[in-house]
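The values are calculated or read from the model by the stated rules, or taken from the named source; none is laboratory data. The structure presented is a predicted model; accordingly, all values stated were derived computationally and were not measured. Neighbour counts are summed over all protein chains in view; Cβ atoms, including those assigned to glycine, are modelled from backbone coordinates with ideal geometry. The protein model used for the area step is the full one, side chains on, heavy atoms only, and it has no ligands, DNA or RNA in it. Shrake-Rupley method; radii C 1.70, N 1.55, O 1.52, S 1.80 Å.
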Amino acid sequence: MKESKKPTKTKKPVKPETGKAFPIVGIGASAGGLEALELFLGKVPVKCGMAFVIVQHLDPTHKGIMVELLQRATGMSVYQAKDRMKVEPDCVYVIPPNADLSILHDVLYLLEPTAVRGLRLPIDFFFRSLAYDRQDQSIGVILSGMGSDGTLGLKAIKEKVGLVFVQTPSSAKFDGMPRSAIDAGLADIVAPAEELPDRIIAYLKHAPQGLQSDMHMEDKAQSSLEKIFIILRAQTGHDFSLYKKTTVYRRIERRMGIHQINRIMHYVRFLQENPQETKLLFKELMIGVTSFFRDPAAWEQLKTKVIPALLAARKKGGVIRVWTPGCSTGEESYSMAMVLKEVLEEVKPQVSFSIQIFATDLDKDAIDKARAGVYPANIVADVPAACLSRFFVQEEHGYRVSKEIREMVIFAPQNLIMDPPFTKLDILVCRNLLIYLEPALQKKLLPLFHYSLNPAGILFLGSAETIGAFTGLFTPLDVKTRIYRRFDTAPGIEYIEFPSSFFPPKPDALPRDTAHMPAINFQALADQLILTRYAPAAILTNDKGDIMYISGRTGKYLEPAAGKANWNIYAMARDGLRYELAGAFQKSLREKCMVAVKSQKVSTDGGEQAVDFTIQPITEPKALQGMMLIIFKDVEMPPETKPGKTSRISGHSARVAEIEREFEQAREELRITREEMQTSQEELKSTNEELQSTNEELQSTNEELTTSKEELQSMNEELQTVNNELQAKVDDLSLAKNDMKNLLDSTNIDTLFLDNALTVQRFTGRISRIIKLIPGDAGRPVTDIASDLIYPEFVADAREVLRTLVFLEKQIAARDGKWFLVRIMPYRTLENKIEGVVITFTDITVSKTLEAELRKTQAELEKRITEQK
């Protein structure tokens, strides 16, 4: 190692300055860390352009000599960190004893520790500070050490797209910290301590430089990015095309830096040749970063105000339903369960409530970790002490969520943008997920969240998320903490897109003629047809007479009907045109031919107008097939024949007068017939309105059926989720049962389980040689079962053990000459409840036979000795 002339160096604090960014590497180490640090720093070039901040677990009562020890291993300057010390490249900074270390704008700050000794997590504290200060340029290194300090800090670095290097556990003196980081899925590169510096330098040479804008990204690599989406979808089944391109591209660039790939098109080829890299990239894009009670102020607001108000509004009690999409490893889902549990106990409502939390995520591995409910010991930094002692069980390597909390949460894999949502929710927790999705997808998800929530339901978003323009759907309860309440809006105002409609339809799914048409443009097609064949005013309708398009001035022929707006030609046709137009329309529709009507008088605002009109079914183009085209043309009024004119010409002709009377009579009959026809038409109109009303009701019923179908889809998703959870529990129980059976069989000990009433619950198969039990005896009192044991006190002893909770052991003979060691012990559940007794029978016939033989031999020897005397 290189020996320095001045091993101990000091450096005066300076004011923060803004300069060129250089890499700052945070290093966490604990037990056995000195050797690892010496190996690490010994391989770092003196002029490396990086700064290193070392955080260790130091004895707060002893003066540190780490600076002197490390100075021998490196030619860089080594300093003990001081308050407001500016970090400079080619230097090493070591945390002093009894202090927490933080960084802001490349300046170190010392803080007095708040946690008691033994619970301090200085590595997590600094790594989090480094992640927030350096964002995607943060680098964390974990070396030898016991415990799990550093794991939560590395999560923060990963969330900011920084890089994580971990010492190989097998090369570390103590592998607790490296193994914790690796098991949490946070390590990007794992290597021995002496190899890590070269890996860091190689990464920095190919590190992403960041994107200036989406447009720059599209110009640079849009084609390659889409190919990566295709590869990911082919291998994982998930489409990332609706995720924010800049976020996805940054994480792709980070993977490129790790593999020292300079161009994204080369990385596409690398993905094609290495399926394992596709899985790693998928994990990278999952952004599985979360923690217990993240943003404590928001959780306090939920606990003290929001949830109590929600419970108070539920007068009849029932189930409190919660959904946490994008739950990752389950910390926030369990946080919600703990908060609800505490609120119910504090409020003590008059009615009964139960809690049901659905937690879903795209990452199945994260779901498995969440379902296990095991977390590292350093969660003590996030979980309040009261919650930790009450809702967690301490284990060898950390903490496990208690059974009562785990049973409240149902975990299942789900794709939020492809699978149906959960419905009838009281609380929806979607924190820091929307920020990774495109704005267009956010605008589809927020109305979907509104649909999923019950009236006055709660939407809980992340600190960087808002409801955007959807102020008509949600009202903020607390803008700062991003807690919103659902507005009750009239149904049908907003069209809700379900996940299946989030993606645009594939071109193959469209009809051949319309595969490249975004929508049918009735105006363009109708204008082209009218301009090529006709010039007058015209209208385009469907086969029901509903107007689809109007060309020219049609006000002389059509007018809006009074009452509810109705765009149907039957209702809009003016007097004089209504009956003829309706008859001709039906004839043309029925006979599929053009029908022309000449010189039809129409009542206009200023009198009457003669009109010719034609009605023609449309067969070309294909997009307009089945529609009707009506063309109007004004013509001159026909000359009128005035009454009495014939009589003046014919003079005194009686015959002419008679004909004139008959003509007047016919005209009167025609007038009466027309009035009757008008009355019938009005009745038909009334019937038509009733039919329209019925049609509207049917449409409303159809909408309700559509909504019911969507709810059934959601319920089906919910049932699938519950089924997945139950299947996982069944698998665990089956495995545990198999393990227990093999364990009991290997011990050759017969076992009998009785409940508090001494009723047979379970037993091992070989016990039938002692007590005559068959599988059908489960549930029968043990007193009804025959036994080969000479043990009349059996039942009394079992009851005595239940009463005193003290185990009992006796040697009992059987009728066939065998002997058994009988142990009766209380049966304790995981909740420390007594639910019966467990009785074991160990065959000791061989030992009893040997004992008898020994006693016999002893008696004979004693007899011989006596005789010899």
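For the chain, the longest principal axis of the alpha carbon atoms and the long axis of helix 794-804 meet at an angle near 80°. Classified by the C-alpha gyration tensor, the range 364-455 has a prolate form. Its axis ratio a/c, with a ≥ b ≥ c, is 1.5 or above, and a/b is larger than b/c. For the pair N742 and T679 in one chain, pulling the backbone fully straight at 0.36 nm per residue adds 13.5 nm over the alpha carbon distance. Using the Karplus relation 6.51 cos²θ - 1.76 cosθ + 1.60 with θ = phi - 60°, the per-residue 3J(HN,Hα) values for the range 65-78 come to 10, 4, 4, 5, 5, 6, 5, 6, 8, 9, x, 6, 6, 10 Hz, with x marking Gly and Pro. Remark: spin-label model distance A385-E800 equals 4.6 nm, labels positioned 7 Å along the Cα→Cβ axis.
The phi torsions of the range 353-369, fed into the Karplus equation with coefficients 6.51, -1.76 and 1.60 and a -60° offset, translate into couplings of 10, 10, 10, 9, 10, 9, 10, 10, 7, 6, 8, 5, 5, 5, 5, 4, 5 Hz, rounded to whole numbers, with Gly and Pro shown as x.
What do you get for GluC sites (Glu not before Pro) in the range 823-869 restricted to DSSP loop and a cutoff of at most 10 other Cβ within 10 Å of the site's Cβ? Filter output for the range 823-869: E831. For V635 and N415, the difference between the fully extended length at 0.36 nm per residue and the C-alpha to C-alpha distance is 72.6 nm. Average accessible surface for the chain: 54 Å² per residue, computed with a 1.4 Å probe over protein heavy atoms with every protein chain in place.
For R233 and D368, the FRET efficiency from 1/(1 + (r/R0)^6), where r spans their Cβ atoms and R0 equals 22 Å, is about 0.45. Amide H to amide H distances under 5 Å link M594 with no residue, where only residues 5 or more positions off or on other chains count and H is placed in the peptide plane. Taking Cα atoms only, the orientation of helix 439-452 departs from the longest principal axis of the chain by about 90 degrees. Annotation: for a label point projected 7 angstrom from Cα along Cα→Cβ of T845, residues of the range 759-803 with backbone N closer than 11 Å are 770.
Spatial offset of the range 669-725 relative to the range 261-309 amounts to 47 Å, using the alpha carbon center of each. Of the GluC sites (Glu not before Pro) found in the range 252-311, none is in coil by DSSP with at most 13 other Cβ atoms within 10 Å of its Cβ. Where (1) 116, 60, 45; (2) 183, 89, 54; (3) 106, 61, 56 are the candidate values, the label of the one calculated here for Cα extents along the principal axes in Å is (2).
The Cα center of the range 149-189 and the Cα center of the range 357-396 differ in position by 18 Å. Loop-resident GluC sites (Glu not before Pro) (DSSP state other than H, G, I, E or B) in the range 17-111 with no more than 14 further Cβ atoms inside 10 Å of their Cβ: E17.
Close amide H partners of D361, meaning residues 5 or more places away or on another chain with modelled amide H under 5 Å apart, are G326, C327, A412, Q414. Rounded to the nearest 10 degrees, the angle from helix 122-134 to the longest Cα principal axis of the chain is 30 degrees. Each DSSP beta bridge with both residues in the chain is either parallel or antiparallel, and the antiparallel ones are about 60%. Per-residue extension of 0.36 nm, minus the Cα-Cα distance of D488 and N832, leaves a gain of 119.1 nm for this segment. Residue by residue, the range 852-861 carries 3J(HN,Hα) couplings of 5, 5, 4, 4, 5, 4, 4, 5, 5, 4 Hz when phi is fed to the Karplus relation 6.51 cos²θ - 1.76 cosθ + 1.60 (θ = phi - 60°); x denotes Gly or Pro.
Here the chain exposes an accessible surface that is 53 percent carbon and sulfur, computed with a 1.4 Å probe and the other protein chains kept in place. When only alpha carbons are used to place a centre, the range 44-97 and the range 791-865 end up 67 Å from one another. Dividing the summed helix terms, -39500 (n - 2.57) for each DSSP H run of n ≥ 4, by the number of residues in the chain produces a 222 nm estimate of -13000 deg cm²/dmol to the nearest 500.
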